């Protein structure tokens, strides 16, 4: 067993175990951190295949950005784990045999002479100065232009959907609308009413009550 | 480095649709709520423009572009035209319903346009990556549209279920595709077919991948045993969105089956035929039997769609040009009938009243005789009674199954559709022989009424003269295979 095989098996074991812990960990924060570990070991596996750019992207984008956001969301939402696990023990007697059976069938099919390290030759040695990033860059915007643009459209739809589902104008808040405030005029706020002048010291008759439609507007 | 510019002409429809959808998205921002009809008119104009481009550029040949990831053949043209037509009709049916429920917003129309784009990408895909991306574009738009009615707990639950199960199905599909890639070293539809024809590629790995691909496709189409989401999503989603989910995407799903199973993995027909037989038999049994027990029309139609998709698989599993054409005719007929039936639910619904219980149809013949008659035509067609289009669709599918020697399967399908006739005819009985419990007159718009009449009569006319449509389907399949 050569050195790359040892590295492969160590990383693969860590990957599978941490992936298992993602779904078995009781604490959601722990589950998210195990997912980070799974991503990191997957990035290591890609490095073994000489896919440096993908490995670094996985670390930067998924571990660095996506999982950090995930952790934020998990900490903000108070998720009741025990309620999520209701019914788990009831379906386990059926689910476990089915899962083991499927795993056995898949294993029996794939463990044969079709997969395995000896069937997959190691990636060929590359020349001095070969850049994985450059190779991807050469095809991403030329040969794979169409799927690349489609992915962009999917992101656009995701943005529209996220805004449509979360943006709501609440009617009962006291939020202010700057546009309305700026557009306010003097005439809209103050109304001059001419009233008969009164003599001092003489008790004047009570002024006639104004008709209701002419009542001065209360400032909002 | 000199990069050749791809040929944009074959993808003219998609490019126009993308540009126009973005334009509608921007224009909608400046439209006030009471003038929202402007967005709807623009959407209809965009769809009409797509149809005109499709008709103007339709050729009998096959053109590839974007590094052979995009294919423009007669099959793609025919399916895209049907998709555009179906979406255009359902937008007319939906208007009143959306207005009554505060869903008459710009997002509904832009998301509809993007879902149409996703369907078109799927129909024209010649590469597993573009197939998958088209599917995701379609699904993502649909998930969001179901959840648009944010304050409805049922709709949110339906969106959640659809989203999670859809993600699971996508995972299965991708896993299967990766296995096919491992066995052949390519994701191009034509290259995979050529490698399998030459006997290259590891067969065990290919079949292993095929199992996952069929499971993923089964999820997306909603056939037993991957049907769990169908009744809940059909029931929970706002009826206008249910209409969208249950009509045009079925045409795209047929294209998906054609491209993956028919074209790329056509050499493995013996392997996927047996899987499809099991799925078709189970769907016919469960769809028809479970539909009898439903009291909600939307749920009943969901189970009926499961059994119809079982019939679609029957035509498809024949694995020859006639079988594919029969399946295509079936899916076109199903979409036509489905538009009418869900359109009728939309017409009867009003603010605060969904008209989705079977009891709401009691005595409809007395309240609205013409609409009841159209519904009668649609129900007869769904049940497969002559001379409706549903009868001819079932007949051709069964002929394709008998052609490959599976007579027992054809006999079984006939028996199951007899069971199915019960719950369709029950609606006719409710409409014509029961006393009305609700005497409110219909409030549907005039254009929806006219279109509904055309829709119902088309079901009858296509049943009397199915040959042109059938010839079109056969021609499209033969020229594209």
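The values are calculated or read from the model by the stated rules, or taken from the named source; none is laboratory data. Everything quoted here is computed from the prediction, not taken from an experiment. Heads up, the Cβs are rebuilt from the backbone with ideal geometry, glycines too, and the neighbour counts pull from every protein chain shown.
Results for (1) surrounded by fewer than 13 Cβ atoms within 10 Å (Cβ to Cβ); (2) within 11 Å of another protein chain (Cβ to nearest Cβ), shown as yes or no for each residue.
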| position | (1), (2) |
| --- | --- |
| B:4 | yes, yes |
| B:8 | yes, yes |
| B:12 | no, no |
| B:18 | no, yes |
State whether one or more residues within the stretch B:361-377 are free of Cβ contacts under 8 Å to residues at least 12 places away in the same chain and surrounded by fewer than 18 Cβ atoms within 10 Å (Cβ to Cβ).
-> yes
Picking from B:138, B:113, B:142, the residue that is more than 8 Å from chain A (Cβ to nearest Cβ), within 13 Å of residue B:244 (Cα to Cα), touching a residue at least 24 places away in the same chain (Cβ under 8 Å) and more than 15 Å from the chain's Cα centre (by Cα) would be B:113
The condition of being closer than 30 Å to residue A:136 by Cα and not in a loop (DSSP other than H, G, I, E, B) holds, among A:47, A:17, A:96, only for A:47
Among B:43, B:39, B:57, B:65, the single one that is away from chain A (no Cβ under 12 Å) and farther than 23 Å from residue B:238 by Cβ is B:57
Selection over the stretch A:85-114 where residues are modelled with pLDDT under 80, under 25 Å from residue B:179 (Cβ atoms) and under 35 Å from the mean Cα position of the chain (by Cα) yields a count of 1
Exactly one of A:178, A:122 is touching a helix residue (DSSP H, G or I) at 6+ places or on another chain (Cβ under 8 Å), away from chain B (no Cβ under 11 Å), over 30 Å from residue B:121 (Cα atoms) and modelled with pLDDT under 90, and that residue is A:122
Residue B:405 meets each of (1) closer than 27 Å to residue B:282 by Cα; (2) touching a helix residue (DSSP H, G or I) at 6+ places or on another chain (Cβ under 7 Å); (3) not in a helix (DSSP H, G or I) with one exception, condition (2)
Checked B:262, B:287, B:267, B:319 against criteria (outside any helix (DSSP H, G or I) and either within 26 Å of residue B:400 (Cα to Cα) or at pLDDT 95 or above (or both)); the one match is B:319
Checked the stretch B:194-214 for anything surrounded by fewer than 17 Cβ atoms within 10 Å (Cβ to Cβ) and either under 21 Å from residue B:129 (Cβ atoms) or more than 14 Å from chain A (Cβ to nearest Cβ) (or both); matches are B:194, B:197, B:198, B:199, B:200
